[in-house]
Amino acid sequence: RQDLGLKEEFVVLTVAEFIKRKNYPTMLGAIAKLADKNIKYIICGTGSEMENMKEYAHKLGLDDKVKFLGYVKNVGDIMSASDVFFLASHREGLALSVIESMNFGLPIVGSNVRGIRDLIEAGKNGFVCEKDDVDGFAEKLCKLYDDKEMRNQMGNESQKMSQKYSIDNVKCELEQIYNEFEK
């Protein structure tokens with residue numbers, strides 16, 4: 001947190017490429033609705049839409065609330081320093097950044113699209129909103145901002161749920177599938 005210049009801020013993290021389907025305008029819009037809170041939105045990633053989103057964040061008055069870090073090697077360190085992971089994509093495959101953040105014990109606020117909703121048990125390890133629901137995302141982020149106990153409980157659940165995707169578990173499941181074909 002110190003390396004990022006953070007003190008007591010509530011840290012919302014997104015790790016995603018800057019492309020249209022990642023839906024940055026909705027995420028920045030939700031953060032703008034929380035601008036009166038002690039919040040910092042950290043974004044890791046690069047891509048063709050990065051400069052446009054920097055301009056959009058400026059237009060929303062978020063210069064002091066958003067940090068665009070670009071490509072980051074030590075994303076785990078940043079996940080460790082964060083309070084919640086946020087991803088409002090229009091579409092996803094298997095959202096590895098969500099799984100990684102779950103492993104670091106972060107609650108998830110994500111869009112109701114395959115690949116994200118599959119990783120979130122609403123109310124258990126995070127919240128799901130419709131992909132363009134700026135108000136809904138802001139409301140869920142605000143809930144987590146206001147309730148540290150809920151954040152901790154959801155983070156613990158995320159960490160437990162992430163084990164389903166551990167290399168050992170996936171290896172075991174693949175062995176079971178192969179054994180079924182041998183019969």
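Compute the angle between helix 148-162 and the longest alpha-carbon principal axis of the chain, please, reported from 0 to 90 degrees and rounded to the nearest 10. Roughly 40 degrees, rounded to the nearest 10.
Taking Cα atoms only, the orientation of helix 50-59 departs from the longest principal axis of the chain by about 40 degrees. Name the residue, out of ASN52, ASN125, ASN74, whose mean-square fluctuation peaks in a Gaussian network model built on the chain with Cα pairs under 10 Å. Comparing ASN52, ASN125, ASN74 in a Gaussian network model of the chain, the most mobile one is ASN74.
Hey, of (1) 22, 21, 17; (2) 29, 18, 16; (3) 26, 18, 14, which did the structure itself give for semi-axes √(5λ) of the Cα gyration tensor in Å when calculated? Only one listed value fits the structure, namely (2).
When all protein chains stay in place and ligands, DNA and RNA are ignored, the 1.4 Å accessible-area order of THR46, THR14, largest first, is THR46, THR14. Take SER111: with every protein chain present and a 1.4 Å probe, its accessible area is about 0 Å². For the set ASP133, ASP146, ASP83, the ranking by accessible area, highest first and with no ligand, DNA or RNA atoms included, is ASP146, ASP133, ASP83 under a 1.4 Å probe.
Near ASP118: Cβ cut-off under 12 Å, other residues only, Lys/Arg at +1 and Asp/Glu at -1. The net charge is +1.
Volume of the convex hull of segment 1-84 (Cα atoms only), normalised per residue: 85 Å³.
Each residue was assigned an accessible area with a 1.4 Å probe, and for ASP118 the value is about 100 Å². Of the residues LEU69, ILE99, MET79, the one whose Cα sits farthest towards the positive end of the charge dipole of segment 54-111 is LEU69 (charges of +1 on Lys and Arg Cβ, -1 on Asp and Glu Cβ, taken about the Cα centre). With both residues required to sit in the chain, DSSP beta bridges show an antiparallel share near 0%. Extension gain for the segment TYR165 to LYS148, taken as residue separation times 0.36 nm less the Cα-Cα distance, is 3.5 nm to one decimal.
The values are calculated or read from the model by the stated rules, or taken from the named source; none is laboratory data. Worth saying up front: this structure is predicted, and the values here are computed from it rather than measured. For neighbour counting, all protein chains shown are included, and Cβ atoms are generated from backbone atoms with ideal geometry for every residue, glycine included. What goes into the accessible areas is simple: the full protein's heavy atoms, side chains included, and nothing from ligands, DNA or RNA. Shrake-Rupley method; radii C 1.70, N 1.55, O 1.52, S 1.80 Å.
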